[in-house]
Amino acid sequence: MQYVGEHLLPGQVGHLLVVLSFVSALLASFSYFWATRRHGLPEGAGWLQLGRGAFVVHGLATLGVIGALFFILVNKYYEYQYAWANVSDDLPFQYTFSAFWKEQQGSFLLWSFWHIVLGLVLMLRAGRWESPVLAVLSLAEAFIGSMILGLYFGEYRLGVSPFDLLRHTMDAPIFERADYLSQITGNGLNPLLQNYWMTIHPPTLFLGFASTLVPFSYAVAGLWTGEHREWLKPALPWALFSAAILGLGILMGGAWAYVALSFGGYWAWDPVENTSLVPWITLVAGIHAHLIARNTGYSIRSVYAFYLITFVLVLYSTYLTRSGILGDSSAHAFTEMGLGAQLIAFIGAFAALAIALMAVRGKGIPAPPQEETIASREFWMFVGVLVLFFSAVLITGATSLPVWNKLVQWFKPDYVGAALKDPVAHHNRYQLWIGVFVGLLTGVAQWLRYRERHAEVWRRTFTKHMFIALVGAGVLTALNALWLDMYAWQHFALLFAAMFAVVANADYLVVFARKNLRQAGSALSHMGFGLLLLGILGTGLNKRWISSNTFAMEGLIEGMGGEELNRNVLLLKEAPMPIRGYEATYLGDTLERQTRTFKVRFRKRDAQGNFTGEEFVLHPNVMYDRRFSQVVASNPSTKHYLTYDIFTHISSLPKAELDPEFARQQEDSIRFETYEAAIGDTIFTKKHYLVLDDYTKAPQHPEYRPEKGDLAFGLKLRAFSLNDTAGHSAAPMLYLRPKQGAFTLPAQIGALQMRVRLTEASLARLLDADNALQYRTLRLKEGESVGFEGYRVHLVRLNRRVEHPHYDAQDGDLAVAAQLRITAPDSTSAEVAPVFLIRDSRPLNLKDEVAQWGLHFRFENIDPNTATMTILAAKAPEDLQRIPIEIAENAPRSDYIVLEAIVFPGINLVWLGSLLMLLGLGLSAWNRWAQRSRLIA
Amino acid sequence: MKRSHLIAITVIAVAIGILISASQDVTTYANFAQAAEKGDRVKLVGQLVKDRPIAYDPEKDPNYLAFYLRDDAGEVRQVVLRAGKPQDFERSEQIVLTGQMRGEVFEASDMLLKCPSKYKDEEIYVRSEKQ
């Protein structure tokens, strides 16, 4: 079939470039391999040139692939599955990036992009290490390129192309039409992903992942060439850079989860988080071993091991998150694409390369003949490295249970599989000790020296500063125990270790690093680590659900108790609810596009329950899908203080709010009774009574958006329950919209479970009343009065500034309002302003009325000669003044929200500590890079 | 003995110790019958029974959710979770629970929903305005 309107060229070009990119990566790797093997020989130079050329071609081809895919997304070519699944016509442009790397192919391209950027920098700056390093990097690129190849070898498909056509990936009757393209539209991006975190988090994280390949490649190069010491210097800034960026990427993930998602925290020990954290830990362990090796020559073997394992763990993490194997244990959603086998091959190849090199070349790795002394920095640093290694092993082991299950099931199909009972408690229990040891070691090791030969001389300084750190940490621990609630001695241990790290490293900064800020990297990082531990203690141990009202919930459910069971509180609209430490009131909500935003006011109360005067309003929201058929996201709103945050999100809503279909059914099932009332009347219903206060032509309603040409009217009522004199106001309304019809907007009085609405009968009565009017002519000059049905009608003045709800000013109008004051026999008075108007040489008039007396006025004419106005006045018959109103009692309430509110003490310490840690790493990276550049120059 | 050997022995000893103690944190997957038999906390995978009532009345208690679940063996039991009802609960294709049997009811402390369609809606929207 010949399809109409398809754009096949960008896909064909893209696919060609994918193949070119893959082939050139292979060629680059092969050429660089021989350039390394033939280094120093004439043909080596040739291989090097070929490798460079191939890598540049690979880079350009990959950029071309990215460009082609981007082109397809920007132009919304829905004939491509990738565009159809991820963008839509109404998707704002800035989210095209998010749509690009949302799927596996896009994120592989992003990863590849960073490899290419890093590769080009290496090509320019790595000197003689270029060949071996880029040989490895290009090999990795070939593997990544194979993931998006989309080539078939018989039944087996190698990679999944991002350029697949929708009609090839899906089987639907619509593709039997040649013009199917004009019938379909894109799915769009999940609203959860339509935020700036999705724009900045993936590129940062993937730069982090990509940069771990550089230390890996240097390690391979070192083993390969046998120059075990020489690669250490150029590789160090890369490793530091990688740790800084990968750390930043992970931190952004945590911040995203905390700020924009309703996870209720920044870290949940979710497998996806764990598998990105573990490579960072091994990388940091590697950096410490690296520093030992650079300064003393010890532990080069560990440097190799850690850098090699780090990249393999990055690949393992990729496998876990992309193969769908974590299905039962992670809250994250994955799209499984059948790349599992290819990913295993990728891991296998790089793991085999690492193991083989270590096995074959490991014997030649040099080490000093003497052991390090116990009083030296390298000894305690190495102990720290082992602690980090433990941490990595523990997390990986627990996270890999699903992989283990699968492996065992392969051999024993009836194996049921193991899982962690409570992952968070498990990880916290063990990682706490990692925190304690690392905290203490950072403080101690910082004050020791490399290759200590004069321990007795240094001992005095060391003892003095350890004393400062111990005393300082002790005092601060005692003080902090007042701020935080501690539940076990282990928590005190962690608190002390954190304080020790902070004090010892701050002391070090003051004594040494202030002279040279560039040297401050390590002390800054370690101090940051201490602060991070403090923040974790605060947020983890003292995270408090304040959204509970034990009072209100008590006894409702049998056997319920304990704080963790009381995390949500129901807030009725406008009904203040006492919760822990606050009073929360759900004030109202507004709907804009697909987002419904709720206003919740918090007023702080002291221990006696009195208001402290402090109050704030939070705006959590929920997002509906494009068809308003369900809620797809609940976005939190957080009040930030220096020492704590108050985090809130909507955990549930009335079913009528979640499901419009249900809401319609519910509305239909409500029984309304009809009552009639004139202005000023009181209506008695079964349980309540209402006073009809007023009638307006300019009504307001939360769901009413006035449009030109609307004819609207509304009532103002107050409803009372029989035993409560506090009234609830209600303002139902009705409007006629040209060509669309009449719409009624009911008023809800949640507290009385009452619903009040107007019907077309109400409208008809108003129109009938108008038709039945018998107007009498009154002639008045400005300032004159005349009697009418016992009332006095006084023409105050004529007004050229016309403010009548039904008056739309037009060019050429000649409009004037008669300002009338009507005085009743009981000498109460009211003002009306009917309008006389000449439009297109035709006289028109707009009436006005005193609804409570049933008086209607029209301004019919002006006699310019005598300056006399013709006013028509009428009094409506009693029975026609009464307006039918429909009232339902026992209407189900849908004016509440279920809110979760959590206090996070010390959350800012988490951010500050992490940022200091990364800043320290970045500072060190920059410092080492500068040293290295000076050397080259 | 060299110091490095001492360290190696310590490391191995600690590792074994941790492994033994950590194994207590591990539980197995089970269905309702096995959970009742074990009496201990287990992981349980199943599907929401959509034609049985889902009890969640936030006006009474926003922290009480009860529903029926069909396990791998096809057995249907009531599950009680002391938490709010997640927004896309009814749409879940698979539910992973952690908890234990108490009498006839499975009391869950943790629930994980799998809604693959959350990120991918395999449905073609037909443009109505163009027809």
Filter the stretch B:89-126 for residues that are at the interface with chain A (Cβ under 7 Å from one of its Cβ atoms) and open to solvent by less than 40 Å² (accessible area, probe 1.4 Å); which is modelled with the lowest pLDDT? B:124
Yes/no for residue A:711 being touching a residue at least 60 places away in the same chain (Cβ under 8 Å), open to solvent by 70 Å² or more (accessible area, probe 1.4 Å), among the aliphatic types (A, V, I, L, M) and not assigned by TED's automatic domain parsing to the domain that holds residue A:853: yes
Single unsatisfied condition, residue A:769 versus (1) in a strand (DSSP E or B); (2) surrounded by 17 or more Cβ atoms within 10 Å (Cβ to Cβ): (1)
I'm checking my understanding of the structure. Among residues of the stretch B:58-81 that are open to solvent by 50 Å² or more (accessible area, probe 1.4 Å) and within 10 Å of another protein chain (Cβ to nearest Cβ), which one is farthest from residue A:654 (Cα to Cα)? B:72
Within the stretch A:772-790, the count of residues that are touching a residue at least 40 places away in the same chain (Cβ under 8 Å), assigned to a loop (DSSP other than H, G, I, E, B) and within 16 Å of residue A:854 (Cα to Cα) comes to 5
Residues of the stretch A:679-692 being assigned to a loop (DSSP other than H, G, I, E, B) and either of a type in the set (Lys, Arg) or free of Cβ contacts under 8 Å to residues at least 60 places away in the same chain (or both), in sequence order, are A:686, A:687
Residue A:425 vs (1) away from chain B (no Cβ under 11 Å); (2) without any contact (Cβ under 8 Å) to a residue 12 or more places away in the chain; (3) hydrophobic (A, V, I, L, M, F, W, C): all pass except (1)
Screening A:185, A:199 for residues that are closer than 25 Å to residue A:112 by Cα, in contact with a Phe, Trp or Tyr (Cβ under 6 Å, 6 or more places away or on another chain) and of a type in the set (S, T, N, Q) leaves only A:199
Give the residue that is modelled with the lowest pLDDT, with candidates limited to residues of the stretch A:185-198 that are of a type in the set (S, T, N, Q) and over 11 Å from the mean Cα position of the chain (by Cα). A:190
Search result, residues across the stretch A:678-708 that are of a type in the set (Phe, Trp, Tyr) and open to solvent by 70 Å² or more (accessible area, probe 1.4 Å): A:684
Working only within the stretch B:38-47, note down all residues that are out of contact with any strand residue (DSSP E or B) (no Cβ under 6 Å at 6 or more places or on another chain) and surrounded by 14 or more Cβ atoms within 10 Å (Cβ to Cβ). B:38
Inspect all residues belonging to the stretch B:6-29 and state whether any of them is open to solvent by less than 40 Å² (accessible area, probe 1.4 Å), at the interface with chain A (Cβ under 9 Å from one of its Cβ atoms), among the hydrophobic types (A, V, I, L, M, F, W, C) and assigned to a loop (DSSP other than H, G, I, E, B). no
Is one or more of the residues making up the stretch A:14-35 surrounded by fewer than 16 Cβ atoms within 10 Å (Cβ to Cβ) and under 17 Å from residue A:164 (Cα atoms)? yes
Taking the stretch A:545-596 and the residues there that are acidic (Asp, Glu) and modelled with pLDDT of 75 or more, the one that is least open to solvent (accessible area, probe 1.4 Å) would be A:583
Among A:217, A:211, A:262, which is the only one that is among the polar types (S, T, N, Q) and either open to solvent by 20 Å² or more (accessible area, probe 1.4 Å) or within 14 Å of chain B (Cβ to nearest Cβ) (or both)? A:262
Go through A:634, A:669, A:721, A:652 for me and flag whichever is open to solvent by 60 Å² or more (accessible area, probe 1.4 Å) and either farther than 22 Å from residue A:764 by Cβ or touching a Phe, Trp or Tyr at 6+ places or on another chain (Cβ under 7 Å) (or both). A:669
Scan the stretch A:606-636 for residues that are within 30 Å of residue A:186 (Cβ to Cβ) and either touching a Cys at 6+ places or on another chain (Cβ under 6 Å) or small (Gly, Ala, Ser) (or both) and report the count. 3
Filtering the stretch A:395-404 down to residues that are buried (at least 22 other Cβ atoms within 10 Å of the Cβ) and within 12 Å of chain B (Cβ to nearest Cβ) yields A:395
What number goes with the only condition from (1) under 26 Å from residue A:38 (Cβ atoms); (2) in a loop (DSSP other than H, G, I, E, B) that residue A:122 does not pass? (2)
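To keep it simple, each residue is scored yes or no on (1) closer than 26 Å to residue A:920 by Cα; (2) out of contact with any Leu (no Cβ under 8 Å at 6 or more places or on another chain); (3) free of Cβ contacts under 8 Å to residues at least 40 places away in the same chain.
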residue	(1), (2), (3)
A:388	yes, yes, no
A:415	no, yes, yes
A:418	no, no, yes
A:473	yes, yes, yes
A:495	yes, no, no
Hey, any hits in the stretch A:176-193 for a residue that's within 13 Å of another protein chain (Cβ to nearest Cβ), out of contact with any Lys or Arg (no Cβ under 6 Å at 6 or more places or on another chain), of a type in the set (Phe, Trp, Tyr) and not in a loop (DSSP other than H, G, I, E, B)? yes
Considering the stretch A:744-765, residues that are hydrophobic (A, V, I, L, M, F, W, C) and surrounded by fewer than 18 Cβ atoms within 10 Å (Cβ to Cβ), and then whichever is farthest from residue A:587 (Cα to Cα), we arrive at A:764
Quickly run through the stretch B:36-45 and pick out the residues that are within 14 Å of another protein chain (Cβ to nearest Cβ) and farther than 26 Å from residue A:566 by Cα. B:37, B:38
Can you spot a residue in the stretch A:655-678 that is touching a residue at least 60 places away in the same chain (Cβ under 8 Å), in contact with a strand residue (DSSP E or B) (Cβ under 7 Å, 6 or more places away or on another chain) and acidic (Asp, Glu)? yes
If you scan the stretch A:737-763, which residues turn out to be without any contact (Cβ under 8 Å) to a residue 60 or more places away in the chain and of a type in the set (Val, Ile, Thr)? A:744, A:749
Would the stretch A:362-384 turn up any residue that is within 14 Å of another protein chain (Cβ to nearest Cβ), within 28 Å of residue A:253 (Cα to Cα), assigned to a loop (DSSP other than H, G, I, E, B) and open to solvent by 20 Å² or more (accessible area, probe 1.4 Å)? no
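The values are calculated or read from the model by the stated rules, or taken from the named source; none is laboratory data. Keep in mind that what you see is a predicted model, and the values were worked out from it rather than measured. Neighbour counts run over all protein chains shown; Cβ positions are idealised from the backbone, glycine included. Areas reflect the complete protein model, heavy atoms only, side chains present, ligands, DNA and RNA absent. Shrake-Rupley method; radii C 1.70, N 1.55, O 1.52, S 1.80 Å.
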